[in-house]
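Asker: Dropping a structure here in structure tokens format, bear with me for questions.
The values are calculated or read from the model by the stated rules, or taken from the named source; none is laboratory data. Predicted model only: the values in this text are computed from it and were never measured. Positions of Cβ are backbone-derived with ideal geometry, glycine not excepted, and every protein chain shown enters the neighbour counts. Heads up: the accessible areas ignore ligands, DNA and RNA and are worked out on the full protein's heavy atoms, side chains in. Shrake-Rupley method; radii C 1.70, N 1.55, O 1.52, S 1.80 Å.
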Amino acid sequence: MCRPPRAGISLRHILLGLAVLTSCSDSSAPPKQTVVATPVDPATAGTIRVDVAYSGTVPPPKEFDMRIAPQCAAQHQQPVYDNSLLVEGGRVANAVVWIKGGLEKWVFAPPAEPVVVDQKGCVYHPHVAAVMVGQAVEFVNSDPEAHNVHARPQVVTPFNFLMSRQGSKRTLTFDKAEVAVPVGCDIHPWMSAYVAVVGNPYFAVTPANGSVTLANVPPGEYVVGVWQEKLGTKEQRVTLEPRGTASLQFAYTATN
Ligand SMILES: [Cu+2]
């Protein structure tokens with residue numbers, strides 16, 4: 001059952017928003033056309049290793065107040081904290097690393113496997129997801145609570161849909177790149193996720209150690225980007241020799 005929200009926004013408002021956002025051109029089904037990809041020669045491909053670091057004070061994370069949604073709160077034995085800046089030992093988690101420039105003439109087939117974003121305990125899992133243009137993103141509602149999935153992008157077409165039934169799923173694909181699309185739920189205002197959409201298959205989200213490796217990259221000159229929701233975007237140029245290994249260090253610094 002859908003529980004009426006009590007935090008200044010009514011379900012009627014949300015449904016009104018849903019009705020307005022009917023012009024979404026992002027397909028709800030995977031693209032049908034066959035993509036003829038530019039082959040990557042494994043004999044010359046290399047790897048780019050990226051480390052994302054942070055120096056300075058990390059603000060203490062805020063605890064979410066789930067009292068307006070008892071069914072959400074009941075799913076957590078421990079406090080749930082805002083994870084918009086996860087730093088451990090100076091390493092940044094949940095940063096998106098991707099090849100931002102240098103592959104414009106290449107054509108890549110999107111991965112066949114969907115990326116799942118689950119709504120469980122009124123929290124998105126994962127908090128930051130990354131997909132390729134044309135790759136499916138599957139939103140799942142594992143909660144007995146209703147959620148609406150409300151994206152406020154700058155490039156891709158906005159979307160906003162209600163997932164009222166536990167176990168329901170909805171699949172989207174994107175036809176443009178955007179790092180990263182903010183997604184939230186108007187019923188539970190603490191819910192926040194990002195979906196990064198990249199135009200090539202060379203991307204990753206940093207784990208707790210802040211390090212990712214982009215593998216099977218053709219030799220060339222690239223711009224590598226890093227995005228983190230609180231820290232912003234940084235980029236560096238890199239030249240990858242045939243069969244080469246390049247290492248890039250990105251360092252964010254606290255501004256306060
Ligand atoms: Cu919700």
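Asker: I want to confirm something. Restricting to the stretch 167-181 and keeping residues that are open to solvent by 40 Å² or more (accessible area, probe 1.4 Å) and within 16 Å of the ligand (Cβ to nearest atom), which single residue is farthest from VAL155 (Cα to Cα)?
Answerer: Ranking the qualifying residues of the stretch 167-181, first place goes to GLY167.
Asker: Only one of VAL183, VAL223 is within 16 Å of LYS100 (Cα to Cα) and aliphatic (A, V, I, L, M); which? I'd like the intermediate steps shown before the answer.
Answerer: On the way: VAL183 fails: within 16 Å of LYS100 (Cα to Cα).
Step by step, each of VAL183, VAL223 is checked, and only VAL223 is within 16 Å of LYS100 (Cα to Cα) and aliphatic (A, V, I, L, M).
Asker: Check the stretch 188-202 and report whether any residue there is closer than 25 Å to ALA73 by Cβ, within 16 Å of the ligand (Cβ to nearest atom), open to solvent by less than 40 Å² (accessible area, probe 1.4 Å) and free of Cβ contacts under 8 Å to residues at least 40 places away in the same chain.
Answerer: no
Asker: Let me ask something else about it. Only one of (1) more than 14 Å from the ligand (Cβ to nearest atom); (2) open to solvent by less than 30 Å² (accessible area, probe 1.4 Å); (3) among the aromatic types (Phe, Trp, Tyr) is not met by TRP106, so which one is it?
Answerer: (2)
Asker: Then there is this: If you take the residues of the stretch 206-223 that are among the hydroxyl-bearing types (Ser, Thr, Tyr) and open to solvent by less than 20 Å² (accessible area, probe 1.4 Å), which of them is farthest from LEU85 (Cα to Cα)?
Answerer: Taking the stretch 206-223 as the starting set, the residues that turn out to be among the hydroxyl-bearing types (Ser, Thr, Tyr) are 206, 211, 213, 222.
Okay, now just the ones that are also open to solvent by less than 20 Å² (accessible area, probe 1.4 Å), so 206, 222.
Numbers: THR206: 12, TYR222: 27 Å.
Looking at the filtered set, the residue picked out is TYR222.
Asker: Of all residues in the stretch 110-166, which are within 12 Å of the ligand (Cβ to nearest atom), open to solvent by 20 Å² or more (accessible area, probe 1.4 Å) and either of a type in the set (A, V, I, L, M) or over 16 Å from the mean Cα position of the chain (by Cα) (or both)?
Answerer: Across the stretch 110-166, the qualifying residues are LYS120, VAL123, SER142, PRO144, LEU162, SER164.
Asker: Another question, if that's okay. Of the conditions (1) under 21 Å from ALA130 (Cβ atoms); (2) in contact with a Pro (Cβ under 9 Å, 6 or more places away or on another chain); (3) acidic (Asp, Glu), GLU235 fails just one. Which one is it?
Answerer: Of the numbered conditions (1) under 21 Å from ALA130 (Cβ atoms); (2) in contact with a Pro (Cβ under 9 Å, 6 or more places away or on another chain); (3) acidic (Asp, Glu), the odd one out for GLU235 is (2).
Asker: State yes or no: is THR233 surrounded by 16 or more Cβ atoms within 10 Å (Cβ to Cβ) and over 20 Å from PRO110 (Cα atoms)?
Answerer: Details: surrounded by 16 or more Cβ atoms within 10 Å (Cβ to Cβ): no; over 20 Å from PRO110 (Cα atoms): yes.
No.
Asker: Among the residues of the stretch 40-85, what is the count of those that are away from the ligand (no atom under 16 Å from the Cβ), open to solvent by 60 Å² or more (accessible area, probe 1.4 Å) and touching a Pro at 6+ places or on another chain (Cβ under 8 Å)?
Answerer: Final tally of qualifying residues: 3.
Asker: Of all the residues that make up the stretch 223-234, how many are farther than 30 Å from GLU145 by Cα and in a strand (DSSP E or B)? Reasoning before the result, please.
Answerer: So the first thing to find is which residues in the stretch 223-234 are farther than 30 Å from GLU145 by Cα, and the list is 223-227, 231-234.
Restricting the remaining residues to those that are in a strand (DSSP E or B) gives 223-227, 232-234.
Count: 8.
Asker: Open to solvent by less than 60 Å² (accessible area, probe 1.4 Å), within 21 Å of the chain's Cα centre (by Cα), over 20 Å from VAL179 (Cα atoms) and modelled with pLDDT under 95, is that true of ALA37?
Answerer: On the way: open to solvent by less than 60 Å² (accessible area, probe 1.4 Å): yes; within 21 Å of the chain's Cα centre (by Cα): no; over 20 Å from VAL179 (Cα atoms): yes; modelled with pLDDT under 95: yes.
The answer is no for ALA37.
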